[in-house]
Structure formats: structure tokens, C-alpha cells
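Reviewing the structure listed below.
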Amino acid sequence: MSASPDLLYSEEEEALRAAVRDLLADHSGAPGVIARIESDAPHNPALWKALTDGMGLAGLLVPEELDGQGATHREAAVVLEELGRAVAPVPYLTSAVVATEALLACGTGDLLGELASGTSIGCLAVALDVAPGAAYKVVRHENGLLRGELTGIADAAVADVLLVPADDGGLYAVDATAATVTPQISLDLTRPLATVTLDGAPGRLLGDAEPAVRRALRAGAGLLASEQLGLADWTLTETVRYLKDRKQFNRPVGGFQALKHRLAQLWLEVANLRAAARNAADALSTGEDTDVAVTVAQAYAAPVAVHAAEEALQLHGGIGMTWEHPVHLYLKRAKADSIAYGTAGAHREALAGLVGLQAP
């Protein structure tokens, strides 16, 4: 039997966290994020350039010989925690994790190098709500060209290269300029969705779609839990801070016992989420019990992140209902994340099958 993983953060991981948090404080404050989602361009290219070109974070999962950092999912998880805390509108999860994992499964060196350096943004053209191992929509491959429509594709609007599964079983790289990308109405405006239409677009065959998509979605689901952790942790911390400052009947609101109980319950949920998210990141990096670790994390993460954001909205009172206060960004991201890469229910069902628990 293998030794239990060390889920505590290493010194290097804590240093990485501090550097990313400082960068986000400079580049991704709440007023700026709100201003961006009110425009036609919610993504933050300056922040993306700082994360990728400046810090090399897009290449964490890419081996050094392919111009990446040769790090592990644990480091990528720390980055996603901080991006979740800031609801940063950058395509990190979709490009540096999901699209990168699909390319790693195909062994596509040149594209991996471009994604690792941040010079290109990749996007796996599979709907955001598809769980690992679930069926996904494909396009037609006819006479060497691709035709079809794919909906619910996250961050397609800023992608340079689309990784498209086709009905011949292949995964194809398509230049984004050869596709029509139409924005869809999205609840979470910091991770916009789009419809991708291919009308005779040329594609370069990368490899088999099925294993690549499965690997990519599993990593996406596992590391999404770290984003949800960062989001829940921020909403809890901010709510506690607000309730200490806010006074009612001449005493801090945080002193009322009913609110203390709600916050204590939320603190326990966030602590448990941290353990589940860390375990998923560690399992992805070691390859041990990965499917179980990812499904456990996702079965638990979504309800906690949504609960934390809902409590933050309620306990901030009137100010929490305003557009200027960022808590609505967190609630929308939490709700959107709750169906991303499979719902909690879908993951519980998958977990039952993995551990041999049959439904009654």
C-alpha cells in the first residue's frame, strides 16, 4: 500500500501563491473585472501576458523539453486557487490545463510549445458542461474538411487554435480564424461561452479524440475544484471581515450567535473542500487513484462554492445586492462552475461506479 500523500503546501507552492496573488492585486481588481464584463471584451489580455510571458505559468504542465516548466498539477492548482479568489477573466483553466492536457495526450510538441509560452491560446471545442467520460458532440469530417456546430465552448472567443473532435474519431487542430465564433449569453461573464461553427474548415489531425478528451476533461474537473476552493475561501474571508466591521444596535454584526454558527459551518465546508481539492491535484500529478480523487473533489466542491457565495451575498446585506460590490461575480462563477465538467450529481454517480456502490 502506498504512503498517504502530503497535501500540505510546500514552500515553493506558497511562494508561487504569493507571487500570483501580488500580480492579481496589480492587474485584476474587482472594479476592473466589473468594467470588463460590461464591455464586449471581458478577457484581460494584459493579465494573461503577465501570467504567461512574465511568469511562465501557462507551461506548468508542459515538460521542459517542450519549452514548458515541467511542474505538476499541484502548482497549477495553486495558480487556479488564486485565479478563483480574483475571478480573473483569463483562459487559464481552458488553455493551460484542458487544451494542454489534450495536446499532451496526442504528443503534439509544436502546439504545446506555443501554448506553454502563451503565444497561442488553445481551446478544446467540447461544451463546458461535459463530464469526463461522458458523450460529447463532434463535427463531420468530409474530404479533409470539417463541418458542424458546437455550442457552450468556454473561452472560444480568445482562442487562437481550436481542438475539434470529429466523427472519424480524430482530434483536429483548427485555426480559430477558419471558424465562426458567436458569443452565447452566459451567466458567468468572466468565462464567456460561444458557439463554434465550422463550414468546410481545414484541420490538422493530432491523434485520437477519445483518450485526449477524457484526459483533458478529467484534469479540468480535478483542477476546477481548486478554483472553486479559491472562490469559496475569498467569499468566506470577505464575509467575516465585513461582519466584524458592520455594526447594528451598536455592536458588530459578527457577534450575533446565529451568524457565528453559519460562518463556523461554512468554515468547516471550506476546510473540507481544501482537502478534497488538494487530493485531486496530488492524484493528477502522481497518477494514483486519479478517477476517484477527481470525482470526490467535484462531488463536494460545487455545493460548497455555491453555498459560500450565497452566504456572502446574504450576509453582506444591501451592499451585497449592488452591481458595484464584486460578490455577484463570485456567485455567478460558482453557479457556472457547478455544472462545468459535470455536475456534482454526475460525479457522485461516477464515483458509485468506481467504488462498486450500486444505486438502490
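The values are calculated or read from the model by the stated rules, or taken from the named source; none is laboratory data. Remember, it's a predicted structure, so these values are computed and weren't measured experimentally. Neighbour counts run over all protein chains shown; Cβ positions are idealised from the backbone, glycine included. Quick note on the areas: whole protein, heavy atoms, side chains included, nothing else; ligands and nucleic acids left out. Shrake-Rupley method; radii C 1.70, N 1.55, O 1.52, S 1.80 Å.
Worth pointing out:
- Of all residues in segment 198-221 being touching a Lys or Arg at 6+ places or on another chain (Cβ under 9 Å) and open to solvent by less than 10 Å² (accessible area, probe 1.4 Å), the one that is farthest from Gly342 (Cα to Cα): Ala201
- With a requirement of 3 or more residues that are surrounded by fewer than 22 Cβ atoms within 10 Å (Cβ to Cβ), the strands (runs of 3 or more DSSP E) lying completely within segment 124-165 that satisfy it span 140-142, 145-154.
- Evaluation of Ala281 against (1) open to solvent by 30 Å² or more (accessible area, probe 1.4 Å); (2) touching a His at 6+ places or on another chain (Cβ under 9 Å); (3) modelled with pLDDT of 80 or more (one fails), failing number: (1)
- Matching entry among Thr195, Thr237, Thr190 (being within 19 Å of Leu80 (Cα to Cα), among the β-branched types (Val, Ile, Thr) and open to solvent by less than 40 Å² (accessible area, probe 1.4 Å)): Thr190
- Counting the residues of segment 88-113 that are of a type in the set (Asp, Glu) and either modelled with pLDDT under 95 or not in a helix (DSSP H, G or I) (or both) gives 1.
- When Val304, Val296, Val292 are checked against the criterion of being under 25 Å from Leu80 (Cβ atoms), of a type in the set (A, V, I, L, M) and open to solvent by less than 20 Å² (accessible area, probe 1.4 Å), a single residue qualifies: Val304.
- Counted residues, segment 166-191 - those being part of a loop (DSSP other than H, G, I, E, B) and in contact with an Asp or Glu (Cβ under 7 Å, 6 or more places away or on another chain): 2
- Residue check for Val304: among the β-branched types (Val, Ile, Thr) and at pLDDT 95 or above: yes
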